[in-house]
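Worksheet for the structure shown next.
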Amino acid sequence: MVLRIVGPLLLLGLTFWWAVGLAVAGPGGDTGRIVLALIYAAVGVVAMVCVLRGHGWRPALAAYGVALVAVLAWYGSLRASNDRDWAPELARTPYATVHGDLVTIHDIRNFDYRSETDFTPAYYDRTFDVQKLDSIDLLAAYWMGPAIAHMFVSFGFGDDHLAVSIEARKEKTEGYSSLKGFFRQYELIYIVADERDVVRVRTNYRKDPPEEVYLYRVNTPLENVRRVFLDYVRAINDLHAHPRFYNTLTTNCTTNILVHAHVNPGSPPMSWKVLLSGYVPQYAYDRGRLDRSLPFEQLRQRSLINAKARAADQASDFSTRIREGLPGVASR
């Protein structure tokens with residue numbers, strides 16, 4: 001009886017999941033992927049029917065087992081790489097050299113944009129003193145409603161700010177697909193960038209769709225900020241040497257921020273508000289990690305920086321100007 005109930009449900013889940021995987025990311029080109037997905041789904045459906053009817057299920061399950069092993073073998077054969085024909089904005093993986101408290105970040109991105117897709121690539125190296133690290137900000141970029149946002153952080157060293165955006169690394173001919181992101185189709189990359197690049201491209205140049213960017217000062221002891229920064233440096237160097245896959249659910253811009261926060265005691269636990277990334281600022285506020293002098297909705301309204309970023313544009317003090325008047329940010 002248990003087999004008659006649990007078996008079909010398990011088959012349904014496995015059949016649906018891997019049929020979708022084959023359809024969006026399998027081998028064989030567009031037509032080949034669909035054919036493989038349909039064949040796999042048909043074998044799964046036959047196995048489910050046989051289990052439900054209670055006869056012929058042994059050979060049907062054996063056939064399905066062969067199909068499942070073949071799919072898992074394909075999936076297991078996929079290997080992450082740093083050597084592909086990358087989209088130009090994702091072409092370089094940054095890395096760091098550490099000498100005591102001095103951390104030199106190599107290949108900090110600072111593109112000169114004329115539009116989102118028309119830009120002059122530029123990179124620079126800069127050395128930061130960890131003892132001068134005095135703030136961390138959480139940035140949230142929204143483009144499709146309140147539940148989904150791209151989250152990234154920016155470390156403050158006095159008037160200098162270093163942004164780190166964890167993203168899916170796409171090849172030149174690839175667009176982003178959340179479904180493909182479940183099936184090892186993108187590598188993971190940490191974009192280390194000047195805020196005039198990674199913030200301004202979202203506030204000033206991205207039009208399809210436009211993005212709204214919010215900047216929040218995080219309330220946490222300085223020793224916590226420094227531990228998180230050094231953990232980011234470790235991850236940046238590890239990815240530079242050992243590529244990993246991005247995953248839409250488990251290894252993305254938001255979950256990795258939480259992983260880095262775990263180097264500190266009392267770090268926030270996993271929550272559905274982390275998985276639905278647009279609610280991360282509310283989650284951080286509820287846990288006392290953002291300014292609490294205002295109700296959250298008022299804090300959110302005052303944390304929108306698009307107008308300030310457009311006004312600052314290419315100004316050398318861009319980072320200072322987008323923070324003017326923000327709750328919890330002391331004026332310098």
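Kindly evaluate T31 against the criterion of being without any contact (Cβ under 8 Å) to a residue 12 or more places away in the chain, closer than 30 Å to A193 by Cβ and of a type outside the set (A, V, I, L, M).
no
Comparison of V24, V45 shows that the only residue that is touching a residue at least 12 places away in the same chain (Cβ under 8 Å), closer than 23 Å to G181 by Cβ, surrounded by fewer than 19 Cβ atoms within 10 Å (Cβ to Cβ) and among the aliphatic types (A, V, I, L, M) is V24.
Does R323 satisfy the condition of being closer than 26 Å to K207 by Cα and over 23 Å from the mean Cα position of the chain (by Cα)? So R323 fits the description; yes. Across segment 283-299, the qualifying residues are those that are crowded, with 18+ Cβ neighbours inside 10 Å and either of a type outside the set (S, T, Y) or farther than 18 Å from G266 by Cα (or both), and the one among them that is nearest to the chain's Cα centre (by Cα) is A284.
Of all the listed residues (V280, V263, V274), the sole one being assigned to a helix (DSSP H, G or I) and modelled with pLDDT of 95 or more is V280. Among the aliphatic types (A, V, I, L, M) and surrounded by fewer than 16 Cβ atoms within 10 Å (Cβ to Cβ): is that true of A235 in this structure? So A235 fails the test. One residue alone among T251, T320 is under 22 Å from A193 (Cα atoms), among the polar types (S, T, N, Q), at pLDDT 95 or above and surrounded by 15 or more Cβ atoms within 10 Å (Cβ to Cβ), and that residue is T320. Tallying residues that are in contact (Cβ under 8 Å) with a residue 60 or more places away in the chain and surrounded by 19 or more Cβ atoms within 10 Å (Cβ to Cβ) within segment 259-277 yields 1.
Scanning segment 283-322 for residues that are closer than 22 Å to P210 by Cβ, part of a loop (DSSP other than H, G, I, E, B) and either touching a strand residue (DSSP E or B) at 6+ places or on another chain (Cβ under 7 Å) or not assigned by TED's automatic domain parsing to the domain that holds D137 (or both) turns up S303, I305. Of A163, A147, A140, all but one fail to be hydrophobic (A, V, I, L, M, F, W, C) and surrounded by fewer than 22 Cβ atoms within 10 Å (Cβ to Cβ); the exception is A147.
Going by what's in this entry, would D197 be described as assigned by TED's automatic domain parsing to the domain that holds R300, surrounded by 16 or more Cβ atoms within 10 Å (Cβ to Cβ), under 23 Å from Y124 (Cβ atoms) and not polar (S, T, N, Q)? Taking the combined requirement at face value, the residue satisfies it. Restricting attention to segment 1-15, the residues being exposed (fewer than 13 other Cβ atoms within 10 Å of the Cβ) and either among the polar types (S, T, N, Q) or in contact (Cβ under 8 Å) with a residue 12 or more places away in the chain (or both) number 2.
The values are calculated or read from the model by the stated rules, or taken from the named source; none is laboratory data. Quick caveat, the model's predicted, so the values are computed rather than measured. Methodologically, a virtual Cβ is constructed for each residue, glycine included, from the backbone with ideal geometry; neighbour enumeration extends over all protein chains shown.
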